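Novice: Take a look at this one; I'll ask things after.
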């Protein structure tokens with residue numbers, strides 16, 4: 001069994017290498033390709049291709065194949081939760097359903113933060129949407145060019161490594177973007193942890 005560690009990349013930006021086995025990465029990509037993608041939104045039910053033009057497959061559905069994929073990825077989030085508890089002494093016990101992302105050549109997600117899904121926090125509370133504390137990005141492949149995750153405030157650029165998981169605060173302190181893929185296709189999964 002691999003002993004996983006948090007590799008610090010910048011202020012509260014961490015990478016966990018080899019968190020996902022190659023077979024899991026391959027299985028997630030195949031599951032997504034078999035099921036198909038939708039256009040990714042920037043807020044709930046709002047698509048803006050000038051800000052984000054990638055593709056997304058939400059795994060939190062009643063479809064047995066997607067539910068199984070979500071359970072498998074959630075089991076890997078236990079590694080993240082344990083390491084974050086060791087780092088901060090805070091238990092992030094809950095996770096949103098995972099989504100698989102696909103970025104084709106030229107696709108991107110411009111600078112944003114992850115913890116606002118509706119126009120404001122009051123609307124989110126009315127809809128029972130939890131506050132996102134930690135963003136999780138798992139890289140499923142690395143056989144492409146471009147597609148780095150860039151944090152401009154920290155001046156940190158993360159080159160995707162297949163099987164690695166990137167974690168960072170979902171707040172205004174960590175705006176980030178997925179830079180355009182210049183060759184090939186990038187696959188990743190996302191989730192968010194909260195208390």
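Novice: Could you please give the count of residues in the range 98-128 that are buried (at least 16 other Cβ atoms within 10 Å of the Cβ) and over 23 Å from residue 150 (Cα atoms)?
Specialist: Final tally of qualifying residues: 2.
Novice: Ok, one more. Report those strands (runs of 3 or more DSSP E) wholly inside the range 83-172 carrying at least 1 residues which are in contact with a helix residue (DSSP H, G or I) (Cβ under 9 Å, 6 or more places away or on another chain) and under 13 Å from residue 189 (Cα atoms). Don't jump to the end; show me each part of the working.
Specialist: Working: elements: 99-103, 109-112, 134-139, 149-151, 156-158, 165-169.
Hits in the range 83-172: 99-103, 134-139, 165-169.
Since every read-out is calculated from the coordinates, none of them should be taken as a lab result. Computed from a prediction, not measured in an experiment: that's the story for all the values here. Don't worry about glycine lacking a Cβ; one is built from the backbone with ideal geometry, like all the others, and counts go over all protein chains shown.
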